[in-house]
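First up is the structure itself, then whatever we jot down about it.
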Amino acid sequence: MGQRVWMKRALMLAVVASLAACGRGGGDVTVDDGTSPQQIIALAEAQVARERYRQAGDLFLEVERLYPYTVEAEFAVIQAAKAYQAGKKRIESRASAQRYIAYYPAGEFAALAHYLVALSYYDQIVDVGRDQENTFQALQALRIVVERFPDSEFAVLAEPKFTTALNQLAGKEMDVGRYYLKRGQFAAAIGRFKVVVEDYGNTPHRPEALHRLVEANLSLGILVEAAQAAAILAAEYPDSSWNAAAQRLIR
């Protein structure tokens, strides 16, 4: 706590002199080994205030370059990740956050670093008709936040995003499964629908996946598997339209 108070006071003292160096036009700021870490941080914060996030991130990283393994360096690396994220520089944000994790795995800002890694992927999730690699990476990173830092504010922020990413991946499996089903490739379709039912839990896609399992198994004449899927659907979603449709198929 003492270090953080000291840092805030130092920043307040440095910011007055540093802001003048930025100039009213907001031009690029250069620093060297004669610029103190507190001054560099203040300059970077001034760029954040002007919404010049890339420049702010670059300045924050100068602290680590010029003053590695210091308290200021640890603070600056995570602030760089935040600045890049604010500026939608997701690759740079991820790199800075991963750098923090590598050098300060148990640091004060570790939960935030993992959350920023997750955001860098989450913000690039696309519709289910396209590749879902970013969704998968976001899901893995969000899982780390929720499981390793359950009492942090970032776990609270990560949980709904985790659910969204999970539903997105389940939706992709359904999309591919429907593709196979329409083309009569029933075994391949069954494989996709089983993944949704067995691996993705209670997502909004689960009732349809169970119905499609009934449909695909009946098409192959696998009556036992069809009946089992129909029974699960009836037990878990008795009022679902997918259940009604599946029962009609069974009859």
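The values are calculated or read from the model by the stated rules, or taken from the named source; none is laboratory data. Note that the structure is predicted; figures quoted are calculated from it, not measured. Counting neighbours? That spans all protein chains shown, and the Cβs are built from the backbone with ideal geometry, glycine included.
At least 3 residues that are more than 28 Å from Tyr237 (Cβ to Cβ) and in the same structural domain as Gln228 (by TED's automatic domain parsing) in each: list the helices (runs of 4 or more DSSP H) lying fully within region 120-201 that qualify.
Numbers: elements: 133-148, 153-182, 186-199.
Once the helices (runs of 4 or more DSSP H) in region 120-201 are filtered for at least 3 residues that are more than 28 Å from Tyr237 (Cβ to Cβ) and in the same structural domain as Gln228 (by TED's automatic domain parsing), nothing remains.
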Is one or more of the residues making up region 123-131 modelled with pLDDT of 95 or more, surrounded by fewer than 17 Cβ atoms within 10 Å (Cβ to Cβ) and of a type in the set (Asp, Glu)?
no
What number goes with the only condition from (1) among the aliphatic types (A, V, I, L, M); (2) touching a residue at least 12 places away in the same chain (Cβ under 8 Å); (3) farther than 30 Å from Ala73 by Cβ that Ala111 does not pass?
(3)
